[in-house]
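What follows is one structure encoded as structure tokens, with my remarks underneath.
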Amino acid sequence: MPQYAPNAKPRPDCWNWGEPRFPQGYGILRLDERHFTAAHKWVYEQLIGEVPDGFELDHLCRNRNCINPDHLEVVTHRVNSIRGFDAVLKERYTRQLPEREQAAV
Ligand SMILES: [Zn+2]
């Protein structure tokens, strides 16, 4: 299991990208000679829709190599970060969020 997510439990329906991948574990898609992008984001935008500015995709399956759009959710960076915390930190930081974001944690 990659180091970034020791508790990751890929689900049977994960679409694992494989290689190449960024050091953080996300699959790399080569668009042309000089341009690369995160494979999961590209697939999500092709199949579901654009990720709005200021938002990012959270892997609900905690498997960063997965590109299955059903396993991805559009959330703010703050919510995405807090979801990765342990229970104590999660509670502390969630209380500081605006109400509409608290519901997403
Ligand atoms: Zn997955």
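The values are calculated or read from the model by the stated rules, or taken from the named source; none is laboratory data. Values in this document were obtained by computation on a predicted structure and should not be read as measured data. Virtual Cβ from ideal backbone geometry, glycine too; neighbours counted across all protein chains shown.
Observations on the model:
- Among the candidates Arg100, Arg64, residue that is more than 22 Å from Gly27 (Cα to Cα) and either modelled with pLDDT under 90 or outside any helix (DSSP H, G or I) (or both): Arg100
- Scope the range 79-97; condition surrounded by fewer than 17 Cβ atoms within 10 Å (Cβ to Cβ) and either part of a helix (DSSP H, G or I) or of a type in the set (Val, Ile, Thr) (or both); matching residues: Ser81, Ala87, Val88, Leu89, Lys90, Glu91, Arg92, Tyr93
- Selection within the range 56-72: residues that are under 19 Å from Glu19 (Cα atoms) and more than 6 Å from the ligand (Cβ to nearest atom). The member of this set that is surrounded by the most Cβ atoms within 10 Å (Cβ to Cβ) is Ile67.
- The number of residues in the range 22-47 being small (Gly, Ala, Ser), outside any helix (DSSP H, G or I) and in contact with a strand residue (DSSP E or B) (Cβ under 6 Å, 6 or more places away or on another chain) comes to 1.
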